[in-house]
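The values are calculated or read from the model by the stated rules, or taken from the named source; none is laboratory data. Predicted, not measured: the structure shown is a model, and the values here were computed from it. When we count neighbours, we look across all protein chains shown, and the Cβ atoms used for this are built from the backbone with ideal geometry, even at glycine.
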Amino acid sequence: MHALSDQDLIKTLLAVGADRDITVTDFDRTFEDLDLDSLARAEFAAKVKDGSGVDVEQRVTQTATPNQIRRLLMADHSTPIGM
């Protein structure tokens, strides 16, 4: 998985503790606004890396959004993200 579908993104966010009522309209909210602390963000980054092979850990900050991370995965994968 290089790109996260809406369902993949919701599943991943739910797995790290996002509110069970999360929808696609929340993807432009920051991780902080989604009440995902640093541990949840690290878990999110690990799940993204497991699924895509792309290291986004340093990009998953409290002010980043799920859609920003999804766009990173759609970028050119020739240069590792987060390095």
Item checked: Per-region count, the stretch 8-44, residues under 12 Å from N67 (Cβ atoms), surrounded by fewer than 18 Cβ atoms within 10 Å (Cβ to Cβ) and among the acidic types (D, E) -> 1
Notebook entry, point to check: Taking only pairs six or more apart or across chains, which ones have beta-carbon atoms under 6 Å, a first residue in the stretch 55-75 that is farther than 11 Å from S38 by Cα, and a second residue that is at pLDDT 95 or above and surrounded by fewer than 13 Cβ atoms within 10 Å (Cβ to Cβ)?
Noted result: T65/D28; N67/D28
Check: Is it the case that A46 is free of Cβ contacts under 8 Å to residues at least 12 places away in the same chain and out of contact with any helix residue (DSSP H, G or I) (no Cβ under 6 Å at 6 or more places or on another chain)?
Finding: yes
Next item on the list: Can you tell me which residue within the stretch 31-60, out of those that are part of a loop (DSSP other than H, G, I, E, B) and within 19 Å of A3 (Cα to Cα), is farthest from the chain's Cα centre (by Cα)?
Entry: G53
Checklist line | Matching residues in the stretch 61-79 - criterion: being at pLDDT 95 or above and in a loop (DSSP other than H, G, I, E, B) | finding: T61, Q62, T63, A64, T65
